[in-house]
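The values are calculated or read from the model by the stated rules, or taken from the named source; none is laboratory data. All of these numbers come straight from a predicted model, not from anything done at the bench. Glycine gets a Cβ as well: all are built from the backbone with ideal geometry, and neighbour counts include every protein chain shown. In case anyone asks, the SASA skips ligands and DNA or RNA and just uses the protein heavy atoms, side chains included. Shrake-Rupley method; radii C 1.70, N 1.55, O 1.52, S 1.80 Å.
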Amino acid sequence: MEDGGLAACLSGCGLEAVVDIHCGNMDTTGPIGSQPGERASSCPQEGMPRPSDSSDLVQECLQQFKVTTTQLRQIQATLLCSMEQALKGHDSPAPSVRMLPTYVGSTPHGTEQGDFLVLELGATGASLRVLWVTLTGTKECSVEPKSQEFAIPREVMLGAGRQLFDFAARCLSEFLDAHPTENQDLKLGFNFSFPCHQTGLDRSTLISWTKGFRCSGVEGQDVVQLLREAIQRQGTYSIDVVAMVNDTVGTMMGCELGTRPCEVGLIADTGTNACYMEEARHVRALDEDRGRTCVSIEWGSFYDAEALGPVLSTFDHALDHDSLTPGAQRFEKMIGGLYLGELVRLVLVHLAQHGVLFGGCTSPALLSQGSILLEHVAEIEDPTTGTAHAHAILQDLGLSPQASDAELVKHVCAAVCTRAAQLCAAALAAVLSRLQHSREQQTLQVAVATGGRVFERHPRFRHTLKEMVMLLVPECDVSFIPSVDGGGRGVAMVTAVAARLAAHKHILEETLAPFQLDFEQLTVVQAQMREAMVRGLRGEASSLRMLPTYVRATPDGSERGDFLALDLGGTNFRVLLVRVAEGSVQITNQVYSIPESVTQGSGQQLFDHIVDCIVDFQQRHGLSGQSLPLGFTFSFPCKQLGLDQFSLTSGVILVSDVILVSDVILVSGVTLVSGVIPVSDVILVSDVILVSGVILVPGVILAPDVIFVSDVILESGVILVSDVILAPGVDLVSDVILVSGVILVSGVILVSGVILVSGVDLVSDVILVSDVILVSGVTLVSGVIPVSDVILAPGVDLVSDVILVSGVILVSGVILVSGVILVSGVDLVSDVILISDVILAPGGILLNWTKGFNASDCEGQDVVYLLREAIRRKQAVELNVVAIVNDTVGTMMSCGYDDPRCEMGLIVGTGTNACYMEELRNVAGVAGDSGRMCINMEWGAFGDDGSLGLLSTCFDASVDQASINPGKQRFEKMISGMYLGEIVRHILLHLTSLGVLFRGQKTQCLQTRDIFKTKFLSVIESDSLALRQVRAILEDLGLTLTSDDALMVLEVCQAVSRRAAQLCGAGVAAVVEKIRENRGLQELSVSVGVDGTLYKLHPHFSRLVSATVRKLAPHCTVTFLQSEDGSGKGAALVTAVACRLVQRARD
């Protein structure tokens, strides 16, 4: 109310306005609001005191309804504090607000359909309403609800509870009789607008009666059950009470969908209340971590002596004293429509009794409680017809008002209602502040659904409320949306949403059921993995390759020195300097990008780029001119049959103690026995046999059928053709040619230029020097030493103590036995076998590119040879490549340096793989029975034989078919981060097609391949992430979704990642159990080195893997260690261990 309007009113009444009157309690000369019959006279009696200044009295009355902005802010802050305390479960004997969960966890998304009954009790005071609501699922085709209102007799409102619910059941029957339906499955939403404690959507216990109801035997009882029993007693219709909803929740749920979410409901009707969507994790009573729930604040009971006490007037105290619930619902009694008319009546009585109004006269009606209603107040405040209405209403009350009386009554109504709107605004501001804070939004955009007769009938209430909300929470952008039909549609919507969510939940559970693996299924996977391991180790057909890595030991702590490491496995290439000292490993690294033009260009271009990076690194760190031992992590599929030799193909035999030096080439069919040392530039062709003690120097060529016995020395330039026999003690020097059939016995020396043709026998002590050619049929016995440029053709046998140096080529059928040394650059082709203590110089045949690489002329080639060729072209760097490893072995070695028990490596990132230390006796492809060797399982291909068929879902099949390698890497496609996101996407597409997600709308984003990355799954499943943040992540991907959608996406991600972790755990369990049984142990304690973004970044993956291993391998104590730079540090440690073993062999 404007002060100027009041001044004019008082002046018109002949009273001078007095301003700045202090608000305080009034001394009254008579009771406020006497009951009928308490006073016989309705006009002033003789001797009744008159006010000395009537204007003071009017001002003092109206001033009591003024609330300052400071007071409103204090109410806002106090109510917010009460809300937060109640959410945390800090109960008090008389809680200020209750913050009751309503178990409504979802707002409508506009597709709800069906016919629903609604029963409203308490929303409209002393009446009951029944509605038939038809939801069509579209805005374009809406159906007006049918409704019927039934007046509740006062004796029913104050009688027995059973009487009230029987009355409600009769009303339902009468309504259905008047509106026949063929639908036999009647679902009812129960709008029960009283404070209740809900324990479920259809379970609700009345806390206390309000709004004039006081039925016995109901408080503390489940009102839904009471209604069901009454319907059964009525027995005329079969009605299922699906949901219990109060009018506030119904108002929010019935809000028309707009551009912003409607997540607040506000009622100002007979009483007042509000509800809003709170994060479920903040509601202690729910014990839920995810999702949202609608909380009914029950702010009608709000009271705080410090905040609310100063704004309570004497009229508020009088109203409370005479109410059915003295001391309760103090806030509601200042706002609710049931009380606004009564407050106005009490003020009018007070002013009349003090001679300010109606000439000091009252009437029995004016003195009667409840004689002025909300409708009267609203009509009096009408800006156009208010004065006329005031006259009529006052006359109906038996009064004879003057014009000035009508104007003053209008000001009283305005004061009472303005205060109500302002208090309501302060409470709503507290709710909005709570929403903004909990969702961490700089500007909160939200729609508030409003309902109730105060909003509907009072001309200025909404406007006053909105203005004050803008003042109190300017950072909130609020739109107010009126309720369509008093909340009836919203109650039907709650019922419809509950039915929709139940149906969608069933579909979701059916869809995700195949991803829920039980113990028996995981046990089967473990057994299948174990069987595939055994078959692979035996060389039998298996989906597990079980490739020997020729890593025979993990670090023992004695490794020392500086090592270079190269790491190629993605779009970035790393060069590392690793300094291994006692108790520490220091790593210096440089990352170099590889342009797409290089990854997609020629192999020469790629390896030239790599060498340029190495040269740059050496220059940066002062390493130019040094030749440090180097380990090369080449994380692409390669075929490896030696520690530093990936280029071995089938049929090559290398026996124990063989050492291969640089540039030795061995072709299929070559046999090198123990003690053989091939030096640089030696070529050995097929069917050559070299026995122990033979030394081949650069330039020696051994053709087919040459036999070398021990202690033969062949130097550069010697050519031996088929059928030559070299016995012990023969020396062949340069330029000697031996043709087929020559026999050289011990003690023979052949110097440069000698040619021995077929049929020559050279026995003991023969010396063959440079340029010697030994052709087929040559036999070289013990002590033979072939030097540079030696060629050994097909059929050559090299027995013990033979040394082949750089440049040696051994073709098919070559056998290398113990003691043979083959150094860097050796090519070993088909039919070669490697036995114990073999050290192979680097090389590696690339099987196929992955990870976006497609450099030409590389697949099927020796990658170390390609690297050496690039180095030769550069002529600016020297490299001593000792080991070539994959990232899985590097991970095991990296962790093994810190924990000697680490005997397994595991990668779970973009791809997945595992390796472990196997007993050598179990490895069929490698000779020897003692010791251990690291086996690269290549377990990503597990199941390619169809063994995982029962666990594969239709979504796995879709992902597989769309991949670049259909039918391959089936295990990897169920575990690794490269594929999990795609599985999730296909599930979301399926659920969308069924209308379960995203309102059934398949967006372009959802149909975009690889939109879900591993990092999204990891972030979405984070325990620290609120659902709103999950929703924001998905919206950033272009998905328009509700909180329910976000919650279902979360469940899908959890199901897919849980299965991946369990399958991974089953694989680990198979490995550790095999290690335990290999060693005949009752209990095994072992560590697993792990790397990969999925394992490291996903919030639950590592825990699930560990839990699965504990269940499936109860006799194994497994510690998982996260690797520290397995690709770099691990490669350097493999190199360090290799150098240690070489040194030991030489010593």
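Here are the numbers for this structure:
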item: Qualifying residue in the stretch 1095-1117 (condition: closer than 30 Å to Ala581 by Cβ and modelled with pLDDT under 95); result: yes
item: Single match in Leu1047, Leu1094, Leu1084 (criterion: in contact with a strand residue (DSSP E or B) (Cβ under 9 Å, 6 or more places away or on another chain) and over 28 Å from Asp899 (Cβ atoms)); result: Leu1047
item: Every pair of residues 6+ apart whose Cβ atoms lie under 6 Å, when the first sits in the stretch 117-135 and is touching a residue at least 60 places away in the same chain (Cβ under 8 Å) and open to solvent by less than 10 Å² (accessible area, probe 1.4 Å) while the second is assigned to a strand (DSSP E or B) and among the basic types (Lys, Arg); result: Glu120/Arg129
item: Residue within the stretch 317-329 that is part of a loop (DSSP other than H, G, I, E, B), open to solvent by less than 10 Å² (accessible area, probe 1.4 Å) and touching a residue at least 60 places away in the same chain (Cβ under 8 Å) present; result: no
item: Filter result for Thr850 (modelled with pLDDT of 90 or more and among the β-branched types (Val, Ile, Thr)); result: no
item: Qualifying positions in the stretch 207-226 - within 25 Å of Ser106 (Cα to Cα) and touching a Phe, Trp or Tyr at 6+ places or on another chain (Cβ under 6 Å); result: Val223
item: Residue in the stretch 1115-1133 that is in a helix (DSSP H, G or I), surrounded by fewer than 24 Cβ atoms within 10 Å (Cβ to Cβ), touching a residue at least 12 places away in the same chain (Cβ under 8 Å) and not acidic (Asp, Glu) present; result: no
item: Flag if Met468 is open to solvent by less than 40 Å² (accessible area, probe 1.4 Å) and closer than 30 Å to Glu938 by Cα; result: no
item: Residue match in the stretch 1030-1048 (condition: buried (at least 17 other Cβ atoms within 10 Å of the Cβ), closer than 21 Å to Tyr1095 by Cβ, touching a helix residue (DSSP H, G or I) at 6+ places or on another chain (Cβ under 9 Å) and of a type in the set (Asp, Glu)); result: no
item: Residues of the stretch 942-960 satisfying the condition of being open to solvent by 50 Å² or more (accessible area, probe 1.4 Å) and assigned to a helix (DSSP H, G or I); result: Cys954
item: Sole residue being of a type in the set (Ser, Thr, Tyr) and out of contact with any strand residue (DSSP E or B) (no Cβ under 6 Å at 6 or more places or on another chain), chosen from Ser404, Ser479; result: Ser404
item: Members of the stretch 527-539 found to be surrounded by fewer than 24 Cβ atoms within 10 Å (Cβ to Cβ) and either hydroxyl-bearing (Ser, Thr, Tyr) or closer than 14 Å to Gly1067 by Cα (or both), listed by number; result: Ala527, Gln528, Arg530, Glu531, Val534
item: Per-region count, the stretch 417-472, residues farther than 30 Å from Arg281 by Cβ and either in the same structural domain as Val249 (by the TED database) or more than 39 Å from the chain's Cα centre (by Cα) (or both); result: 25
item: Selection within the stretch 475-502 - assigned to a helix (DSSP H, G or I), among the small types (Gly, Ala, Ser) and surrounded by 13 or more Cβ atoms within 10 Å (Cβ to Cβ); result: Gly488, Gly490, Ala492, Ala496, Ala498, Ala499
item: Yes/no for Ala914 being out of contact with any strand residue (DSSP E or B) (no Cβ under 9 Å at 6 or more places or on another chain), more than 18 Å from Gly557 (Cβ to Cβ), at pLDDT 90 or above and aliphatic (A, V, I, L, M); result: no
item: Complete set of residues in the stretch 1019-1056 that are farther than 21 Å from Leu435 by Cβ and either β-branched (Val, Ile, Thr) or modelled with pLDDT of 85 or more (or both); result: Val1019, Ile1020, Met1048, Val1049, Leu1050, Glu1051, Val1052, Cys1053, Gln1054, Ala1055, Val1056
item: Residues of the stretch 336-394 satisfying the condition of being acidic (Asp, Glu) and outside any loop (DSSP other than H, G, I, E, B); result: Glu342, Glu375, Glu379
item: Residue list for the stretch 57-106, restricted to those being open to solvent by 40 Å² or more (accessible area, probe 1.4 Å) and not in a helix (DSSP H, G or I); result: Lys66, Thr68, Lys88, His90, Asp91, Ser92, Pro93, Ala94, Pro95, Arg98, Tyr103
item: Number of the exception - Arg345 against (1) open to solvent by 10 Å² or more (accessible area, probe 1.4 Å); (2) charged (D, E, K, R); (3) under 23 Å from Ser54 (Cβ atoms); result: (1)
item: Tally of residues being in a helix (DSSP H, G or I) and either in contact with a Lys or Arg (Cβ under 6 Å, 6 or more places away or on another chain) or under 16 Å from Leu577 (Cα atoms) (or both) across the stretch 860-897; result: 2
item: Condition check for Ser106: farther than 30 Å from Pro153 by Cβ, modelled with pLDDT under 90 and in contact with an Asp or Glu (Cβ under 6 Å, 6 or more places away or on another chain); result: yes
item: Hits in the stretch 404-453 - residues which are among the polar types (S, T, N, Q), outside any helix (DSSP H, G or I) and open to solvent by 10 Å² or more (accessible area, probe 1.4 Å); result: Gln441, Gln442, Thr443, Gln445
item: Hey, Ser368 farther than 27 Å from Ser479 by Cα, free of Cβ contacts under 8 Å to residues at least 40 places away in the same chain and open to solvent by 20 Å² or more (accessible area, probe 1.4 Å) or not; result: no
item: Hits in the stretch 1079-1106 - residues which are open to solvent by less than 30 Å² (accessible area, probe 1.4 Å) and in a helix (DSSP H, G or I); result: Leu1094, Tyr1095, Phe1101, Val1105, Ser1106
item: Of residues in the stretch 207-221 being closer than 22 Å to Val494 by Cβ and surrounded by fewer than 21 Cβ atoms within 10 Å (Cβ to Cβ), the one nearest to the chain's Cα centre (by Cα); result: Ile207
item: Unmet requirement for Gly336, which otherwise passes all of (1) in contact with a strand residue (DSSP E or B) (Cβ under 7 Å, 6 or more places away or on another chain); (2) of a type outside the set (D, E, K, R); (3) open to solvent by 30 Å² or more (accessible area, probe 1.4 Å); result: (3)
